[in-house]
């Protein structure tokens with residue numbers, strides 16, 4: 001079954017990338033990809049204990065959540081996914097296979113997520129970013145709100161950063177809110 005989010009997108013490699021809704025039968029592939037990404041890309045900013053805590057904790061969270069999952073697929077299989085909160089305009093996670101990093105896959109997934117959230121008439125997207133992905137979000141128009149973190153499995157503290165991005169052109173009051181009020185509310189968003 002296809003929907004308006006299922007589409008081919010240009011990628012930085014010669015291979016065609018297709019962004020589509022995940023199938024229920026692909027959930028274990030998504031969890032394996034998430035673990036591979038956390039272990040392969042997360043090591044630069046996090047300790048081994050933090051990475052393994054994230055692998056365990058994020059896997060359990062993903063199983064319990066009712067999320068919208070979009071996958072990035074090439075002829076060699078699923079190479080990334082993005083998870084979107086079904087109620088709030090919030091990105092729950094974005095992961096790319098380490099061997100496929102810096103090929104435009106994360107950007108294509110983020111654009112697919114923004115499109116999906118915009119279709120729900122949300123005006124802004126909120127992201128809780130790993131320390132690894134801070135520059136990724138900044139370079140795509142996301143504004144820093146606050147440093148934060150959470151306790152993952154085994155009570156391991158994982159630092160992260162909260163970002164927001166307007167998805168539509170804002171009026172004068174809304175722009176004032178984004179510039180002055182939203183950053184002060186960063187810890188509750």
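The values are calculated or read from the model by the stated rules, or taken from the named source; none is laboratory data. The structure presented is a predicted model; accordingly, all values stated were derived computationally and were not measured. Here the Cβ is made from the backbone with ideal geometry for all residues, glycine too, and neighbour counts use every protein chain on show.
Descriptive notes on the structure:
- Of all the listed residues (125, 181), the sole one being surrounded by 15 or more Cβ atoms within 10 Å (Cβ to Cβ), at pLDDT below 95 and either touching a strand residue (DSSP E or B) at 6+ places or on another chain (Cβ under 8 Å) or over 21 Å from residue 57 (Cα atoms) (or both) is 125.
- Residue 105 crowded, with 20+ Cβ neighbours inside 10 Å and at pLDDT 95 or above: yes
- The set of residues from the range 158-176 being surrounded by 15 or more Cβ atoms within 10 Å (Cβ to Cβ) and either modelled with pLDDT of 95 or more or assigned to a strand (DSSP E or B) (or both) comprises 158, 160, 161, 162, 163, 164, 165, 166.
- Restricting the search to helices (runs of 4 or more DSSP H) fully inside the range 22-119 and requiring at least 1 residues that are touching a helix residue (DSSP H, G or I) at 6+ places or on another chain (Cβ under 6 Å) and over 30 Å from residue 168 (Cα atoms) gives 27-41, 48-64.
- Restricting attention to the range 130-148, the residues that are surrounded by 15 or more Cβ atoms within 10 Å (Cβ to Cβ) and out of contact with any strand residue (DSSP E or B) (no Cβ under 9 Å at 6 or more places or on another chain) total 1.
- The requirement of being surrounded by 13 or more Cβ atoms within 10 Å (Cβ to Cβ), at pLDDT below 90, touching a strand residue (DSSP E or B) at 6+ places or on another chain (Cβ under 7 Å) and under 19 Å from residue 113 (Cβ atoms) is not satisfied by residue 20.
- Verdict on residue 70 being at pLDDT 80 or above, within 14 Å of the chain's Cα centre (by Cα) and more than 26 Å from residue 166 (Cβ to Cβ): no
- Residue in the range 25-48 that is more than 26 Å from residue 151 (Cα to Cα) and without any contact (Cβ under 8 Å) to a residue 24 or more places away in the chain present: yes
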